[in-house]
Amino acid sequence: MRLAVDTNTLVGELLRTRGRDYMLQAPHTYFLSERVLSETHYELPRRATRMIAGGAVGPRIQANLALALRIVAEQTTVISTALLRPYEQEARLRIPRDPDDWELVAVALLTGADIWTNDAVWVVGW
């Protein structure tokens with residue numbers, strides 16, 4: 001299965017053992033926009049730090065964070081914004097509730113991937 005992944009879903013899965021295992025073992029191809037990649041590199045350590053401060057994680061968090069970043073580097077394909085621009089108008093029309101997520105829809109249009117998101121988003125005409 002081909003999956004276009006949004007930031008919140010990717011980060012959430014990478015912070016869970018089950019999510020990391022799934023991404024390593026499932027026969028999927030994961031596609032990210034450059035923005036999702038950048039946001040993921042920002043959000044992963046930020047959320048891990050909050051989890052440590054809240055006492056929600058054990059001492060293996062650094063190893064888990066390193067594994068999460070390795071999964072991003074090795075298991076995903078990043079699509080440049082320049083390649084997505086020709087799909088921007090159609091993507092924005094298909095996602096009227098949150099036009100800021102147009103890149104996720106454009107990745108799906110370009111790659112023929114399904115969209116993996118936890119957002120309650122309606123994609124018109126999918």
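Restricting to the range 20-57, what's the tally of residues that are polar (S, T, N, Q) and within 15 Å of the chain's Cα centre (by Cα)? Total meeting the criteria: 4. In the range 70-104, the qualifying residues are those that are assigned to a helix (DSSP H, G or I), of a type in the set (A, V, I, L, M, F, W, C) and touching a strand residue (DSSP E or B) at 6+ places or on another chain (Cβ under 7 Å), and the one that is surrounded by the most Cβ atoms within 10 Å (Cβ to Cβ) is L104. Only residues that are closer than 21 Å to W102 by Cβ and part of a helix (DSSP H, G or I) were counted across the range 25-40, and they come to 7. All of (1) free of Cβ contacts under 8 Å to residues at least 40 places away in the same chain; (2) under 18 Å from the mean Cα position of the chain (by Cα); (3) over 15 Å from T117 (Cα atoms) hold for R60 with one exception: (2).
Bear in mind that the values in this text are calculations on the coordinates, not laboratory data. It should be emphasised that the depicted structure is a prediction, and the values quoted were computed from it without experimental measurement. Glycine gets a Cβ as well: all are built from the backbone with ideal geometry, and neighbour counts include every protein chain shown.
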